[in-house]
1. Could you list, in their original order, any pairs among Lys17/Lys128; Lys17/Lys151; Lys128/Lys154 whose Cα atoms are separated by more than 30 Å?
2. Each residue of the range 96-106 in turn: what ³J(HN,Hα) in whole Hz from Karplus with 6.51, -1.76, 1.60 and θ = phi - 60°, glycine and Pro shown as x?
3. With an 8 Å Cα cut-off and a minimum separation of 6 or more residues, compute the relative contact order for the chain in percent.
4. To the nearest 500 deg cm²/dmol, what mean residue ellipticity at 222 nm is calculated for the chain from DSSP H runs of n ≥ 4 alone, each contributing -39,500 (n - 2.57), summed and divided by the residues?
5. Considering only DSSP beta bridges whose two residues both sit in the chain, what percent are antiparallel, to the nearest 5?
6. How large is ³J(HN,Hα) for each residue in the range 51-61, as worked out from phi by the Karplus curve 6.51 cos²θ - 1.76 cosθ + 1.60 (θ = phi - 60°), to whole Hz, x for Gly and Pro?
7. May I ask which residue of Leu98, Phe61, Gly150 lies farthest towards the positive end of the charge dipole of the chain, with charges of +1 (Lys, Arg) and -1 (Asp, Glu) on Cβ and the Cα centre as origin?
8. What is the distance in Å between the Cα centres of the range 63-81 and the range 1-40?
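Bear in mind that the values in this text are calculations on the coordinates, not laboratory data. As the structure is a prediction and not an experimental result, all values here were calculated from the model. FYI the Cβ positions are ideal-geometry reconstructions off the backbone, even for glycines, and counts take in every protein chain you see.
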Amino acid sequence: MSKKALLVIDIQNDYFKNGAWELVGSEEASLQARKMIDHFRANDLPIAHIQHFATDGNIPFFHPGTAGADIHENVRPAEGEKVVKKYYPNSFRETDLLEYLKSNGVTEVVITGMMSHMCVDATTRAAKDLGFECTVISDACASRDQELQGKVVKAEDVHTAFIAALTFFYANVTTADEYINA
């Protein structure tokens, strides 16, 4: 039988209203992630909160020591829950996340977080490559508009395209309510 862990990726203040890099739908996604946190806590299953820090100066958000880098109040870790500090989109790169999951006997990760097209995508693909079964909670993730060659791609389309691409090989995709009620 598989043991599941919840990953809560980068749900940090800078992605919310008045933050340095506001996403579309961040508040709503955080509330869906909170449902998942409550579900995992109620079932005494591991939760890893991932917190990104920008250190190269090229990223205009998540600067260490700022309120924007803090985990948002909607998904704040409880005492004793794992917090993984990361510096790259892939939550496994140069962190102790893999060691934490293995030490807890985890074989399946359930993924929530931000941004769909960056850290959620990179972490999901890495988790699958590391041998984990993956489930992405689509309504507990958020993105933002992107631009390519003068064309703006709306956040909803960016989110849909990236999450849809994960369904081919990398992850099962569902909503928070569907997951909890399954």
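1. From the list (Lys17/Lys128; Lys17/Lys151; Lys128/Lys154), the Cα-Cα distance tops 30 Å for Lys17/Lys128.
2. Computed from phi, the couplings for the range 96-106 are 9, 4, 4, 4, 4, 5, 4, 5, 9, x, 6 Hz.
3. Numbers: 367 pairs, mean separation 46.9, N = 182.
After rounding, I find 26 percent.
4. Here the helix-only value at 222 nm equals -8500 deg cm²/dmol.
5. Once the DSSP bridges in the chain are tallied, antiparallel ones form about 15 percent.
6. Along the range 51-61, the couplings run 10, 8, 10, 8, 10, 8, x, 7, 9, x, 8 Hz.
7. It is Leu98.
8. With the range 63-81 and the range 1-40 each reduced to a Cα centre, they are spaced 11 Å.
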